[in-house]
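One structure below.
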């Protein structure tokens, strides 16, 4: 099956990305077989919406992104499955945040995941999910060496069997 990665993006994005070659040592897909049944699996989610816990966590670095438009903050935030008592903030210059701030489930569907767990479709939700800022053109080295290993370690610690990617 052919995947058209640029179908819903502005045409200018295709020019920037269509000829990018894989990094050395990254020529093969990074998929791993999912061997557990979903009904026996604890699921985590990762959103690229730049969500953070307002008043509890630092926002993503929007000032640097404004100054350097091809840079994206390579840090990440742990977001609890249970968001009761927490206020969500969002920092992402390439996404209108109005709807997401009105309902975080647009970018991080924790309520739906809780329903799937209640219905037995999945064994449960991970205690924590992950939020990153999308548009990571210049920060890939930091992603490979720092952010991705840290995220994977946290999700393993939480007993996550799988991760649903929720890009914005």
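The values are calculated or read from the model by the stated rules, or taken from the named source; none is laboratory data. Remember, it's a predicted structure, so these values are computed and weren't measured experimentally. All Cβ positions, even for glycine, are placed from backbone atoms using ideal geometry, and neighbour counts span all protein chains on display.
Listed values, structure above:
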item: Qualifying residues in segment 6-35 (those that are surrounded by 10 or more Cβ atoms within 10 Å (Cβ to Cβ) and either touching a helix residue (DSSP H, G or I) at 6+ places or on another chain (Cβ under 7 Å) or under 26 Å from residue 160 (Cβ atoms) (or both)) - the one modelled with the lowest pLDDT; result: 6
item: Among the residues listed as 138, 78, 148, the single one being within 15 Å of the chain's Cα centre (by Cα), outside any helix (DSSP H, G or I) and either over 26 Å from residue 26 (Cα atoms) or at pLDDT below 95 (or both); result: 78
item: Among (1) assigned to a strand (DSSP E or B); (2) surrounded by fewer than 17 Cβ atoms within 10 Å (Cβ to Cβ) - the single one residue 43 does not satisfy; result: (2)
item: Residue selected from segment 103-118 under the condition under 14 Å from the mean Cα position of the chain (by Cα) and over 16 Å from residue 160 (Cβ atoms), by the criterion surrounded by the most Cβ atoms within 10 Å (Cβ to Cβ); result: 107
item: Residue check for residue 100: part of a helix (DSSP H, G or I), surrounded by 17 or more Cβ atoms within 10 Å (Cβ to Cβ) and in contact with a helix residue (DSSP H, G or I) (Cβ under 7 Å, 6 or more places away or on another chain); result: yes
item: Condition check for residue 130: crowded, with 18+ Cβ neighbours inside 10 Å, in contact with a helix residue (DSSP H, G or I) (Cβ under 7 Å, 6 or more places away or on another chain), at pLDDT 95 or above and farther than 14 Å from residue 79 by Cβ; result: no
item: Qualifying residues in segment 46-74 (those that are assigned to a loop (DSSP other than H, G, I, E, B) and farther than 22 Å from residue 106 by Cβ) - the one farthest from the chain's Cα centre (by Cα); result: 68
